[in-house]
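The next block holds one structure in the form of structure tokens; read it before the comments.
The values are calculated or read from the model by the stated rules, or taken from the named source; none is laboratory data. Computed from a predicted model, the values in this text were never measured in an experiment. Reconstructed Cβ throughout: ideal geometry from the backbone, glycine too, with neighbour counts over all protein chains shown.
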Amino acid sequence: MGKGMRAGKKPGKKSAGGNVQKQMQQMQQMQQEMESMQAELDKKEITSTAGGGAVEVVINGKRELTKLKIDPEVVDSDDVEMLQDLIIAAVNEGIRQIDELSNNEMSKLTGGLDIPGLA
């Protein structure tokens, strides 16, 4: 064996540990980017309507209802169910839109990988 060499080691080749370390650094960087992107998404808002604009809701990136506007003309004490349905439809559509926005933004970062628990 040459001077300074140990059995089982070939000169000039990097160990697999360097590859793992590089992958870990890349994963940490991706995690930081995802956290930053999630913070930006949390600030975004989606406006959704139902009943031709009779009910309007604003949902933020945290999937919280932040605003609810009801046209007084759709308030009918004899038909509360219709108003409830309009509110539910507007909120559900807003949540669907914010989920879609979140999924689209995250897929840009992950390159389309389907990683469970993200977005």
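List of remarks:
- Which numbered condition Gln23 misses (of (1) at pLDDT below 90; (2) in a loop (DSSP other than H, G, I, E, B)): (2)
- Count of region 83-119 residues which are of a type in the set (A, V, I, L, M, F, W, C), exposed (fewer than 14 other Cβ atoms within 10 Å of the Cβ) and at pLDDT below 95: 2
- Residue match in region 23-39 (condition: closer than 18 Å to Val91 by Cα and either free of Cβ contacts under 8 Å to residues at least 24 places away in the same chain or among the small types (Gly, Ala, Ser) (or both)): no
- Top-ranked residue of region 40-83 - restricted to ones that are β-branched (Val, Ile, Thr) and touching a residue at least 24 places away in the same chain (Cβ under 8 Å), ranked as nearest to Asn104 (Cα to Cα): Ile46
- Checked against the criterion of being under 24 Å from the mean Cα position of the chain (by Cα) and β-branched (Val, Ile, Thr), the candidates Val80, Val57 yield just one match: Val57.
Residues are listed down the side, and each one gets a yes or a no for (1) modelled with pLDDT of 85 or more; (2) of a type in the set (Asp, Glu); (3) closer than 30 Å to Gln84 by Cβ:
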site	(1), (2), (3)
Gly2	no, no, no
Arg6	no, no, no
Lys10	no, no, no
Lys13	no, no, no
Gly17	no, no, no
Met37	yes, no, no
Asp42	yes, yes, yes
Ser48	yes, no, yes
Glu56	yes, yes, yes
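- Residue in region 84-105 that is nearest to Gly51 (Cα to Cα), counting only those that are free of Cβ contacts under 8 Å to residues at least 40 places away in the same chain and either touching a Phe, Trp or Tyr at 6+ places or on another chain (Cβ under 6 Å) or of a type in the set (S, T, N, Q) (or both): Gln84
Let's see how each residue does on (1) among the hydrophobic types (A, V, I, L, M, F, W, C); (2) in contact with a Leu (Cβ under 8 Å, 6 or more places away or on another chain); (3) more than 30 Å from Gln26 (Cα to Cα):
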{"site": "Lys43", "(1), (2), (3)": "no, no, no"}
{"site": "Val58", "(1), (2), (3)": "yes, yes, yes"}
{"site": "Lys69", "(1), (2), (3)": "no, no, yes"}
{"site": "Val75", "(1), (2), (3)": "yes, yes, yes"}
{"site": "Leu83", "(1), (2), (3)": "yes, no, yes"}
{"site": "Glu105", "(1), (2), (3)": "no, yes, no"}
